[in-house]
Amino acid sequence: MNSVLKDILSRFDASNVFNLDETGLFYRLLLDKTLSFKVEKCTSGKASKQRLALLLGANVSGNEKLKPLVIGKSKKPRCFKNVKSLPDEYEANSNAWMSTTIWERHIRKLDSQFSRQKRNVAIIVDNCTAHNQPENLKAIEIVSLPPNITAFLQLLDQGIIRDFKRKYKKMLVKDMIKALDRNEKLEVSVLDAINYVHKSWSSV
C-alpha cells in the first residue's frame with residue numbers, strides 16, 4: 001500500500017488527493033456513544049428514523065473540504081416543503097446508508113465539478129462494496145484501500161470526523177438550552193440536521 005500511496009503523490013499534487021469517508025449520525029442524540037457507528041447495524045426501529053449517513057471529503061493538504069452528502073430515509077421529508085435549496089447534497093434510500101447507485105451519482109457530480117475546474121484528482125476510499133468504479137470518469141481516479149487498515153490510513157479517520165461530530169453536538173446542545181430557556185422542546189428535523197451538518201463541517 002505504501003507504494004500505491006507514493007505513486008499517487010508522485011502523480012497528483014497533495015491538493016488534488018482527496019479522502020472520502022462515510023459516518024453515521026444520530027442527529028437528535030447527545031450521548032458519547034453516538035460518535036461513531038462503523039460496525040453497528042441500525043436498519044429499523046425508532047433509532048434508525050433518527051439516523052443519517054454522511055459522506056465527508058477533504059484533500060491531503062488540508063485546504064479544501066468537499067460539500068457533505070447527507071443520506072436519509074425519505075426522499076421528500078415534510079420539513080423540505082417550500083425549501084428551494086439545501087446547503088449540502090441530499091440523497092435517500094430505505095436504510096439511510098450509502099448504496100452503489102447513490103455513490104456513483106455523487107462521484108459523477110464530483111467528476112463534472114473537477115472537470116469544469118480542469119483538475120485531475122485522486123480519491124482514496126475504503127473497500128466498502130458500495131464504492132464501485134464508475135466508468136468513463138474524466139477527472140477522477142478512485143483508489144481503494146485494502147481491508148482492515150482504513151482506520152490507520154484514512155485522512156478523515158485521524159480525528160477529523162470526531163472533531164466534526166463534537167462541533168455538531170455542541171451546536172445541538174446550545175440550541176437545546178436556548179429552547180429550554182423559552183420553556184420549549186427542541187424538535188430537530190432532517191432539515192435542521194442538514195443545516196447543523198453544514199455549519200459544523202464548515203467550521204472544521
> Rounded to the nearest 0.05, what FRET efficiency do Ala14 and Ser74 have when you use their Cβ-Cβ distance and R0 = 35 Å?
Replying inline: 0.35
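So what is the relative contact order of the chain, in percent, for Cα pairs below 8 Å that sit 6 or more residues apart? The partial results should precede the final answer.
On the way: 294 pairs, mean separation 43.7, N = 204.
This gives 21 percent for the chain.
Can you pull out the trypsin sites (Lys or Arg not before Pro) in region 54-150 that DSSP calls coil and that have at most 14 other Cβ atoms within 10 Å? List each step's numbers first, then the result.
Working: sites: Lys65, Lys73, Lys75, Arg78, Lys81, Lys84, Arg105, Arg108, Lys109, Arg116, Lys118, Arg119, Lys138; in loops: Lys73, Lys75, Lys81, Lys84, Lys118, Arg119, Lys138.
Here the trypsin sites (Lys or Arg not before Pro) that fit, given the DSSP loop and packing criteria, are Lys75, Lys81, Lys84, Lys118, Arg119, Lys138.
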> At a 1.4 Å probe, what is the % contribution of carbon and sulfur to the accessible area of region 3-203?
Replying inline: 51 percent
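With an 8 Å Cα cut-off and a minimum separation of 6 or more residues, compute the relative contact order for region 80-147 in percent. Don't skip to the answer; put the middle values down first.
On the way: 63 pairs, mean separation 21.9, N = 68.
Result for region 80-147 is 32 percent.
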>> Quick check: Cα centre of region 185-204 to Cα centre of region 56-105, how many Å?
In response: 13 Å
>> So if a site counts as exposed when it's one of the GluC sites (Glu not before Pro), its DSSP state isn't H, G, I, E or B, and it has at most 13 other Cβ atoms within 10 Å, what's the longest stretch of the chain without one?
In response: 65-134
> Hey, any idea what the orientation-averaged projected area of the convex hull of the chain's Cα atoms comes to, in nm²?
Replying inline: 12.4 nm²
>> With +1 on the Cβ of every Lys and Arg and -1 on the Cβ of every Asp and Glu, and nothing else charged, how large is the dipole of the chain about its Cα centre, in debye rounded to the nearest 20?
In response: 860 debye
> From the Cα gyration tensor of region 144-204, with a ≥ b ≥ c the square roots of its eigenvalues, which class applies: rounded if a/c is under 1.5, or else prolate if a/b is larger than b/c, or else oblate?
Replying inline: prolate
> Once amide H atoms are built 1.01 Å from N in the peptide plane, which residues 5 or more positions from Glu89, or in another chain, come under 5 Å H to H?
Replying inline: Val70
>> Keeping every protein chain present and rolling a 1.4 Å probe, give me the accessible area per residue for region 3-203 in Å².
In response: 57 Å²
> What does the helix-only formula give at 222 nm for the chain: each DSSP H stretch with n ≥ 4 adding -39500 (n - 2.57), the total divided by the residues, and the result rounded to the nearest 500 deg cm²/dmol?
Replying inline: -11000 deg cm²/dmol
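The values are calculated or read from the model by the stated rules, or taken from the named source; none is laboratory data. Being a predicted model, the structure only gives us computed values, none of them experimental. All Cβ positions, even for glycine, are placed from backbone atoms using ideal geometry, and neighbour counts span all protein chains on display. These accessible areas exclude ligands, DNA and RNA; they are computed on the full protein's heavy atoms, side chains included. Shrake-Rupley method; radii C 1.70, N 1.55, O 1.52, S 1.80 Å.
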